[in-house]
């Protein structure tokens, strides 16, 4: 997996060290590392192959990656790179085959520039030949799939708000309940509120109080990885549901455009989930048939600790595969992947970059803040100690700064997307 790539690079190419005992295997002539593509991605021959071998520069993605790498490595904007820069950094072959280098620089600069758009749903009445999204239809039906009830605003909150502001018919679909990612004491707080409210309107809260006492007795004796009771899981799910509604309303959605799928594969009450079942796919097909979107946004950030993002993405692909060839709207539907909660796309991968103003960054932050149970210290923070809203702002600011260093316009922040061609 991608998570293993840094330590694989150290083991295979790093200096020998007792801190990484595997580095001593480099002394042997009879060692073979068997890796998948993701784990090998940071090795020189895969990450920067032009440094160790001749490359096929007809591959535009490789060329774009190499020129961006060169600009970053020597700290120059793309349009200031020289033939000497190419020759001194393993890219002489590219300069000879496709030079002069200034023409290469202009080509790559233009490709990067054409990813930038303030119109994530397409700009009406504009030439879209150099834009990442189609101009028509001017008002699109868009659906944002969010694996957990906060991935939408964390990863693409600014674009979400922009799509609504620009008049598109936007839906959001929360694929799982997220009910394993709520602290136990939050359950008691909400139960206490429910009991007080029930009493305040003159109703009998006896049953609620009994459940509350059972919960209070359960939590101190709860063992690691022990499954919560059905009632506790329900309360945790309700907490995340109300937060998601609040966030989506803040982004401008009416309630009938907010969908809670509660896909069954997730509902184990444990960190480990069930395998995807037929019902997961059928529920997704049903929603897609209802909306018939021209645009789908889905989480392409597969580094989440429990693997839910990848499972949710594959469910969408399975649903689209069944619909393709049967329903005409699928042929006109584009699928955009977003990241943000755990990773960000590399600059050379980005196909649509949506710039955010300082005010839009604040609006996005406010949408994330609606998810109060994930604030301060989430249950599953992963290896990153930063809060989700801080991660989101740091990553989008970094993306904007990367574009700026390459010689593009300087923005406060940018949300990045890659199109998945299914």
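Tell me, 302, 260 in order of fewest to most beta-carbon neighbours within 10 Å?
Ascending number of Cβ neighbours within 10 Å: 260, 302.
What would the Debye formula give as log10 I(q)/I(0) at q = 0.19, 0.24 Å⁻¹ for the alpha-carbon point model of the stretch 1-115, no solvent?
-0.98, -1.27
So if R0 is 41 Å, what FRET efficiency would residue 183 and residue 346 give, r being the distance between their Cβ atoms, rounded to the nearest 0.05?
0.75
Just to be sure I understand: if I project the alpha-carbon convex hull of the stretch 352-392 onto a plane and average over all orientations, what area do I get in nm²?
3.6 nm²
Calculate, in nm to one decimal, what residue 384 and residue 255 gain on full extension: separation in residues at 0.36 nm each, minus their alpha carbon distance.
43.1 nm
Taking 0.36 nm per residue of separation and subtracting the Cα-Cα distance, what length does fully extending residue 326 through residue 82 add?
Going from the current span to full extension adds 82.6 nm.
Of the listed values (i) 25.5, 86; (ii) 24.4, 84; (iii) 21.0, 76, grab the one calculated as Rg and Dmax of the Cα atoms in Å from the structure here.
(ii)
For a label point 7 angstrom out from the Cα of residue 369 toward its Cβ, which stretches of the stretch 391-419 have the backbone nitrogen within less than 15 Å?
Once the point is set 7 Å along Cα→Cβ of residue 369, 393 turn out to lie under 15 Å by backbone N, inside the stretch 391-419.
Which percent, nearest 5, of DSSP beta bridges in the chain are antiparallel?
35 percent
Return the FRET efficiency for the residue pair residue 136, residue 200: r is the Cβ-Cβ distance, R0 is 51 Å, and the value is rounded to the nearest 0.05.
0.40
Under 8 Å for C-alpha pairs, at least 6 residues apart: give me the relative contact order for the chain, rounded to a whole percent.
Rounded, it is 17 percent for the chain.
How would 379, 101, 170 line up from fewest to most surrounding beta-carbon atoms within 10 angstrom?
Ascending number of Cβ neighbours within 10 Å: 379, 101, 170.
Hey, what angle do you get for helix 358-369 against the long axis of the chain, alpha-carbon based, 0 to 90 degrees rounded to 10?
With rounding to tens, the tilt is 40 degrees.
Considering only DSSP beta bridges with both partners in the stretch 270-422, what is the antiparallel share in %, to the nearest 5?
65 percent
Report, to one decimal in Å, the Kirkwood hydrodynamic radius for the stretch 171-278 based on all distinct Cα pairs.
15.5 Å
Would you calculate a helix-derived [θ] at 222 nm for the chain, using -39,500 (n - 2.57) for each DSSP H run of n ≥ 4 and dividing by the full residue count, to the nearest 500?
Here the helix-only value at 222 nm equals -14000 deg cm²/dmol.
Using only the alpha-carbon atoms, how far is helix 388-405 inclined from the longest principal axis of the chain? Give it as 0 to 90 degrees, nearest 10.
Between helix and principal axis, roughly 20 degrees.
Tell me the angle of helix 101-113 to the major Cα principal axis of the chain, expressed in degrees between 0 and 90 and rounded to the nearest ten.
Between the helix axis and the principal axis of the chain, the angle is about 10 degrees.
If I take the Cα coordinates of the stretch 1-42 and project them onto the principal axes, what are the three extents in Å, biggest first?
So the extents along the principal axes, rounded to whole Å, are 25, 22, 11.
How much length is gained on full extension from residue 317 to residue 37, taking 0.36 nm per residue of separation minus their Cα-Cα distance?
98.7 nm
Kirkwood Rh, the stretch 264-322, all Cα pairs: how many Å?
After inverting the mean inverse Cα-Cα distance, the result is 12.3 Å.
Over 15 Å, how big is the tail of the calculated P(r) for the stretch 49-113, in percent of all Cα pairs?
The calculated P(r) of the stretch 49-113 puts 41 percent of pairs beyond 15 Å.
Here, each number is a calculation from the coordinates, and none is a lab measurement. Computed from a predicted structure; not experimentally measured. Virtual Cβ from ideal backbone geometry, glycine too; neighbours counted across all protein chains shown.
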